[in-house]
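The values are calculated or read from the model by the stated rules, or taken from the named source; none is laboratory data. This one's a predicted model, so the numbers in the text were calculated from it and none came from an experiment. Counting neighbours? That spans all protein chains shown, and the Cβs are built from the backbone with ideal geometry, glycine included.
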Amino acid sequence: MNARDYYELFRYLMEQYCLLQEDILFVEDISGWCKEHGIPETDRERPLKLISKEGYGCKMVIREYVPDKVIEKRINATRIRGQLQNVAFDRADLLDSHQKKLAYLFLAEYATSLPDIGNDELLADNWAFQEMERLGYFKT
């Protein structure tokens with residue numbers, strides 16, 4: 001999937017969290033971009049990364065082309081973590097479009113910058129789904 005096709009989605013989400021749309025940065029390879037800029041990143045498949053480093057401001061770095069298998073791998077990890085809370089309902093099933101999946105990935109990445117969430121992936125998932133609900137992504 002070409003993430004640039006979803007620029008308006010990313011622009012909207014950036015605006016919702018008081019980030020500048022100019023701080024959306026599409027790159028071919030996030031780990032390569034990070035290496036060039038002295039920022040640690042070992043995940044070669046990472047689809048999005050929020051950079052908040054002195055001298056760089058706050059940027060959402062987005063992999064320009066994200067293979068579907070990479071997205072599905074991230075969503076599957078969400079499924080597994082979600083089973084810790086509820087085995088009867090898989091909220092990842094709510095992510096039934098590319099737009100919702102990308103919004104979830106964006107929000108989960110953004111959540112890691114929040115002091116009360118940090119690197120806790122389950123808390124980031126919970127926050128991302130709550131925000132998606134608040135923003136109206138799950139209205140029928």
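Of the residues making up region 122-136, those that are farther than 17 Å from N76 by Cα and aliphatic (A, V, I, L, M) are M132, L135. Here S52 meets each of (1) touching a Phe, Trp or Tyr at 6+ places or on another chain (Cβ under 8 Å); (2) touching a residue at least 60 places away in the same chain (Cβ under 8 Å); (3) more than 20 Å from E133 (Cα to Cα) with one exception, condition (1).
Would you mind stating whether E28 is touching a Cys at 6+ places or on another chain (Cβ under 6 Å) and not aromatic (F, W, Y)? For E28, the condition - touching a Cys at 6+ places or on another chain (Cβ under 6 Å) and not aromatic (F, W, Y) - is not met.
Checked against (1) out of contact with any Phe, Trp or Tyr (no Cβ under 9 Å at 6 or more places or on another chain); (2) charged (D, E, K, R); (3) touching a residue at least 12 places away in the same chain (Cβ under 8 Å); (4) more than 17 Å from P47 (Cα to Cα), R91 passes all but condition (1). Based on what the data block shows, is Q99 assigned to a helix (DSSP H, G or I), over 23 Å from W33 (Cβ atoms) and touching a residue at least 40 places away in the same chain (Cβ under 8 Å)? Yes. Within region 22-75, the set of residues being β-branched (V, I, T) and in a strand (DSSP E or B) comprises I24, V27, I51, V61, I62.
Scanning region 5-25 for residues that are farther than 17 Å from Y65 by Cβ and out of contact with any Cys (no Cβ under 9 Å at 6 or more places or on another chain) yields E8, R11, Y12, L13, M14, E15, Q16, Y17, C18, Q21, E22. In this structure, is E72 modelled with pLDDT of 90 or more, closer than 19 Å to L135 by Cβ and acidic (D, E)? No, not satisfied.
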